[in-house]
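Asks: Let me give you the structure first, and then I'll get to my questions.
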Amino acid sequence: RNGIYPLMNFAVSRPHALPRALSQPQEDPQKAKTPTPEPFDVETRKVVQMQCNMELNEDKSQWHLTLLLILEDKLHRQLSYDLLPS
């Protein structure tokens, strides 16, 4: 959760056996479900300081946006994105 432990430390010693179906049921294309979005954790920490910077690239074809967020637990998050003029 906190990003300090690698996931490989929690590997299962022997793989779980998965039941196999003999045949796949036919789905009606009209009843096909749309994919559900994956669940995500809601951020509850507050931002105590924020800094935004926009710079034009050397070739002047796009902007580079950088956001620096400092959260209440002193954690820093730097987010960046390239923006086209349009």
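Nothing in this text is a laboratory measurement; each read-out follows from the coordinates by a stated rule. These numbers come from a predicted model, not from an experiment. So basically every Cβ, Gly included, is an ideal-geometry build from the backbone, and we count neighbours across all protein chains shown.
Asks: Using a cut-off of 12 Å between beta-carbons, work out the net charge of the residues near residue 62 (Lys and Arg +1, Asp and Glu -1, residue 62 not included).
Replies: On the way: positive: 60; negative: 55, 58, 59, 82.
So the surrounding residues net to -3.
Asks: Next question, about the same structure. Give me the extension gain from residue 56 to residue 42: residue separation times 0.36 nm, minus the current Cα-Cα distance, reported in nm with one decimal.
Replies: Working: separation 14, 0.36 × 14 = 5.04 nm, distance 3.29 nm.
Taking 0.36 nm per residue and subtracting the Cα distance, the gain is 1.7 nm.
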